[in-house]
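Enquirer: Below is a structure I'd like to ask you about.
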Amino acid sequence: MTPPEITDSHCHLDFPDFDEDRDALIARAHEAGVTRMVTICTKLRLEPQVRAIAETYDSVFYAAGTHPMSAADEPMATVDELVKLAAHPKFVGIGESGLDYHYTADSKDVQQESLKVHIEAARQTGLPLIIHARAADEDMARILTDEFKTGAYTCVMHCFSSSKELAQAALDLGFYLSMSGIAAFPKSQELRDIFAIAPVDRILVETDAPYLAPPPFRGKRNEPGYTAHTAKVGAEVFGMDYVDFAAQTEANFNRLFTKAAA
């Protein structure tokens, strides 16, 4: 029986973890029903390598931005630079950008400046902003909301594992929440409860591969084919058959990532 089609909305296929078997892992993803992957560039100087992967595989799309943990060490992105990159037919999102005060709180001013650049690029291109948020919920909610008042944009809270308050702030703006392997961990019931209050038409699924492999692969290298394991937990959270939940997340991805859908 053919597995339901599903999209890994966030992975890092350029990471050296995949250098030995990229062809094979993409083939495995297809066998698992993962018919599309969005690979994310986290440092703009690496964009050519990430773009090359998207150009090599029909099922791979890409996005680019400056990860908040690198914001202080990399040149500040410009709106023009991001808009120019977005002209590529397989470039489908802006980011990942955001705020991370867990390890890099000392660079929070630079992170906030970088985030606002990425938001403006998302506005100008009409492509979704891809947000990384960790240990920065109040600032994250405030900036996303204030910026939205200045001018609307679309957004996904990637690998969402923050507070109920940040989830609600994002949902109130019409944004999407993405489930990663964290949502499938046995101890993540509180996070599953947060997802359960979200409208099911605002949910995406992802791996964040090579990180955060869901059970039964926890502690091992994650890969796009494992998206289905997280999505099966997602189906349980929403009380849906897996086939229906997979179809719902596909519709959600197509609505947000319109360029990949086209």
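Enquirer: So if I place +1 on the C-beta of Lys and Arg and -1 on the C-beta of Asp and Glu, and nothing else carries charge, what would the dipole magnitude of region 111-262 be about its Cα centre? I want it in debye, nearest 20.
Expert: 320 debye
Enquirer: Mind counting lysine pairs for me in region 130-243? Cα separation below 28 Å, and the two need to be 8 or more apart along the chain or on different chains.
Expert: Taking region 130-243 as the scope, the lysine pair count is 6.
Enquirer: Compute a Gaussian network model of the chain, connecting alpha carbons closer than 10 Å, and tell me which residue from Val243, Val200, Val60 fluctuates the most.
Expert: For the chain, modelled as a Gaussian network with Cα springs under 10 Å, the answer is Val243.
Enquirer: I would also like to ask the following. Estimate the FRET efficiency between Asp23 and Lys84 by the formula 1/(1 + (r/R0)^6), using the beta-carbon distance for r and 25 Å for R0, to the nearest 0.05.
Expert: Efficiency, from the Cβ-Cβ distance: 0.25.
Enquirer: I need the calculated FRET efficiency for the pair Arg142 and Ala251, taking r as the beta carbon distance and R₀ as 22 Å, to the nearest 0.05. Show your work: numbers first, answer last.
Expert: Numbers: r = 31 Å, r/R0 = 1.40.
Result of the calculation: an efficiency of 0.10.
Enquirer: Taking the Cα centre of region 142-194 as the origin and placing charges on Cβ (Lys, Arg +1; Asp, Glu -1), which of Thr150, Ala170, Pro186 is farthest toward the positive end of the dipole?
Expert: The one lying farthest along the dipole's positive direction is Pro186.
Enquirer: A follow-up question, please. To the nearest 10 square angstrom, what accessible area does Cys159 show with a 1.4 Å probe?
Expert: Near enough 20 Å² of accessible area.
Enquirer: So, in nm, how far is label Phe15 from label Phe238 when the simple model puts each one 7 Å beyond its Cα toward the Cβ?
Expert: Between Phe15 and Phe238, the label points sit 2.6 nm apart.
Enquirer: May I pose another question? Of the options Met69, Val50, Val110, report the single residue whose Cα projects farthest towards the positive end of the charge dipole of region 24-134 (beta-carbon charges: Lys, Arg +1; Asp, Glu -1).
Expert: Val50
Enquirer: Give the carbon-plus-sulfur fraction of the accessible surface of the chain in %, rounded to a whole number; probe 1.4 Å, heavy atoms of protein chains only. Mind showing how you got there, number by number?
Expert: Numbers: 5640 of 10940 Å².
Using a 1.4 Å probe with all protein chains present, the chain comes out at 52 percent carbon and sulfur.
Enquirer: On alpha-carbon atoms, Rg over Rh for the chain using Kirkwood Rh?
Expert: We get a ratio of 0.93 for the chain.
Enquirer: So, one more: Please give every one of the aspartates and glutamates within straight-line cross-link reach of Lys108, meaning a C-alpha to C-alpha distance under 13 Å, and leave out same-chain neighbours fewer than 8 residues apart.
Expert: Leaving aside aspartates and glutamates fewer than 8 places away in the same chain, those within reach of Lys108 are Asp73, Asp100, Asp137, Glu138, Asp139.
Enquirer: Give the share of C-alpha pairs in each 10 angstrom bin for region 27-153, from 0 to the last occupied bin, in whole percents, shortest bins first.
Expert: The calculated distribution, bin by bin, is 14, 42, 31, 12, 1.
Enquirer: If I take R0 = 30 Å and measure r between the Cβ atoms of Gln49 and Ile197 in this structure, what FRET efficiency does the formula 1/(1 + (r/R0)^6) give, to the nearest 0.05?
Expert: 0.15
Enquirer: If you don't mind, there's one more thing I want to ask. Helix-only estimate, please: 222 nm mean residue ellipticity of the chain, summing -39500 (n - 2.57) across DSSP H runs of length 4 or more and dividing by its residues, to the nearest 500.
Expert: -12500 deg cm²/dmol
Enquirer: Test of understanding: in a Gaussian network model of the chain with alpha carbons linked when under 10 Å, which of Pro210, Pro89, Pro68 would top the mean-square fluctuation ranking?
Expert: Most flexible of the set in this elastic network: Pro89.
Enquirer: What does the accessible area per residue of the chain come to in Å², with a 1.4 Å probe and no ligands, DNA or RNA counted?
Expert: On a per-residue basis, the chain sits at 42 Å².
Enquirer: What residue among Pro214, Pro199, Ala246 has its Cα farthest toward the positive end of the dipole of region 188-262, where the charges are +1 on Lys, Arg and -1 on Asp, Glu, each on the Cβ?
Expert: Ranked along the dipole, the leading option is Pro214.
Enquirer: Given +1 on the Cβ of Lys and Arg, -1 on the Cβ of Asp and Glu, and no further charges, what dipole in debye does region 1-126 carry about its Cα centre, rounded to the nearest 20?
Expert: Here the size comes out at about 400 debye.
Enquirer: With +1 on each Lys and Arg Cβ and -1 on each Asp and Glu Cβ, how big is the dipole of the chain about its Cα centre, in debye rounded to the nearest 20?
Expert: Using only the charged Cβ atoms, the result is roughly 260 debye.
Enquirer: Would you mind calculating the relative contact order of the chain from Cα pairs under 8 angstrom and at least 6 residues apart, reporting the percent as a whole number?
Expert: Computed value for the chain: 21 percent relative contact order.
Enquirer: Which residue fluctuates the most in the chain, going by a Gaussian network model with Cα springs under 10 Å, if the choices are Arg221, Arg51, Arg123?
Expert: Maximum fluctuation in the GNM of the chain, among the listed residues, is at Arg221.
The values are calculated or read from the model by the stated rules, or taken from the named source; none is laboratory data. These numbers were taken from a predicted model, which means no experiment stands behind them. A quick note on method: Cβ atoms are made from the backbone with ideal geometry, for glycine too, and the neighbour counts reach across all protein chains shown. Heavy atoms of the whole protein, side chains included, go into the accessibility calculation; ligands, DNA and RNA do not. Shrake-Rupley method; radii C 1.70, N 1.55, O 1.52, S 1.80 Å.
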